[in-house]
Structure formats: C-alpha cells, structure tokens
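These notes are about the structure you will find just below.
Laboratory data are not the source of any read-out in this text; all were calculated from the coordinates shown. Values in this document were obtained by computation on a predicted structure and should not be read as measured data. Because the Cβ atoms are built from the backbone with ideal geometry, glycine has one as well, and the counts that use them run over all protein chains shown.
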Amino acid sequence: MLVTGREILQDAHKNNYAVGAFNVNNMEIVQAIIEAAEETNSPVILQASQGGLKYAGVEYVAELGKLAAKNAKVPVAIHLDHGTDFEQVMLCIRHGFTSVMIDGSRFDLEGNIQITKKVIEVARAVGVSVEAELGKIGGTEDHITVDEKNATFTDPKEAKRFADETNVDSLAIAVGTAHGLYKGEPKLDFDRIKIIKEMTNMPLVLHGSSGVPADSIKKAVSLGINKINIDTDLRIAFSNAVKEFIKENPDSIDPRKILSPAKLAMKEAVIEKMHLFGSVGRA
Ligand code: 13P
C-alpha cells in the first residue's frame, strides 16, 4: 500500500527502529526491494536520486513505484532523494511521490530554513512528507559531490532551531557517514546522534549508509536513527551478480537471464539490511 514517508517514519520513531530507503533506477531494483519487503513484512521507502530521475525520468520512477506500492501488502513510500529546488520537488509531488527531500544544506541556516518552509507549506497541503538536511554530508551521490573539507557535522542547537522553525517531518544529519564507497572505516559520532535526538525528538535520517559496519548501524538506530539510505551496496550486489553471470555464461544474450541473478542478489542484500535496521515484522 502506498503511504507517506511520515506514516512510516513516525512509527519507526515511536518504536525505535529504522526503515531502509533504497535508491531505485529501474524495474528490477523496484521489484527486488518490494519482494524483500513483502518477504520480511517490512515497511520500505523507494527513493530516487538526481541521477535516478535523470536516468529513468520522473514519470517512470513514479509509475513504477506507485504500481509496486499498490500491489504490495506492506507500507511503501515513494521519496525524492536530495531534491535540489522547489520546481523539482513540485514536479515529483505532481507525479505522485508521497515524500520529498529538499536539500538546502548548501545554503546558510537561514536560507535552508526558508527553502524548507516554502516546500513544507505546499507539500503539507497535499499530504506529502518532507525531509530536510542540516550539516553537510560528504562524498558523491550521483553528480552531487561534497569533498571532505566541506563536509560539516550537524550542530545540535541548530538542529533544534531548524526543527522548531520548520516543523519538518524528518531530518538528515551529518554525523560521519559519506555517500559512495569508503576508503577507510567510517567513524560515526554517536554522541551527536544521541544529543540531536534528545533535542529534536523527531525521526532522524542517516545518508551514506552503505559500507558502514553492522555494529555502527545498530548503535545509530538504538540512538534514534529512523531512516537509513542505501544506494552503493545495492549497486555492488547488482553489478557483481551481472559480472559473475557473464563470466560463467559468456554467450548469453538474454537480458532477462542476465538480470535475474542481479535482482536476486539485490533482494538478498535488502533483506539483510532490513534485519539490521529492525524493520522486519513492522509492516
Ligand atoms: P550510499 O550510496 O552510501 O548507500 O548512500 C545513499 C544515500 O545516502 C542516498 O541519499
């Protein structure tokens, strides 16, 4: 069933678990994620990044997501990941996304509050939830890159002010993760998560969660993270399975045969994450 991000994340916030938000770009990825969610009776968020929208188009992503959600027994939200501007957010809402992120982290605090409030005013009127970002998460998500020296951790006092002034549904915080592949082991600032949770008492979002050790993810969830974004780990599962299949079947020319093991590999990766995040059985 199609639901808003708010419905999913409020339950996660109240009951202290996290829901996976997995980046989707095509039918196989959508199906893999939905099958994993149904098998584990887990709520799930399908999200499209800037690159995903460019690759598949807003309409394809929206229609794929809506069809998958309509046929699913578990709650499914369709979310815009790192929305860059007001117009793009409106386009996604128009096509049926039930959750949007407005990433105003490139602005100063005032500018970020302003753009977030502008989006919320419209989104709330049509029942769509909003995620914002405070602090700057490092790494590369498609064509958006924040290098290490420009990545800044979220200030808890600013988070409190931001939450109070905008009344945003969920907040992405910068606490040591980065988008894409890690060179070393990421070190999360757990105290910061705890303080931000205590001060804001709202659903918190962790971006760049691929490659973060399972122990760190579990601890982050126990301290108040409720939405966990995963892209890179699914790309790895997908491409490794495709490479393996082609190596073993060099004469294969059937995309269905080539993509079936990739879909299965992604589904298994998603199921593993759902267990780790604590969303299994929460649908
Ligand atoms: P990863 O690619 O590190 O999983 O990050 C995904 C993400 O945060 C999308 O916003």
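Quick one: grab the alpha carbon gyration tensor of the chain, order the square roots of its eigenvalues as a ≥ b ≥ c, and give me rounded if a/c is under 1.5, else prolate or oblate depending on whether a/b is larger than b/c. Judged from the Cα gyration tensor, the chain comes out prolate (a/c at least 1.5, a/b above b/c).
Principal axis analysis of the Cα atoms in region 188-283 yields extents of 58, 28, 18 Å, listed in decreasing size. Membrane-span-like helices in the chain (whole DSSP H runs, Cα extent of at least 30 Å along the helix axis, mean Kyte-Doolittle hydropathy of at least -0.5): 255-277. Around the Cα centre of region 171-230, unit charges on the Cβ atoms of Lys, Arg, Asp and Glu (plus for the first two, minus for the last two) sum to a dipole of about 60 debye.
Just to confirm the filter: which chymotrypsin sites (Phe, Trp or Tyr not before Pro) across region 220-279 are DSSP coil and have at most 10 other Cβ within 10 angstrom of their Cβ? Walk me through the intermediate numbers first.
On the way: sites: PHE238, PHE245, PHE277; in loops: none.
Within region 220-279, no chymotrypsin sites (Phe, Trp or Tyr not before Pro) qualify (loop, at most 10 other Cβ atoms within 10 Å).
Extending 7 Å from the Cα toward the beta-carbon at both LYS14 and ASN249 defines two label points whose distance is 4.7 nm. Set the Förster radius R0 to 41 Å, insert the Cβ-Cβ distance between MET1 and THR140 as r into 1/(1 + (r/R0)^6), and round the FRET efficiency to 0.05. Given R0 = 41 Å and the Cβ-Cβ separation, E is 0.75.
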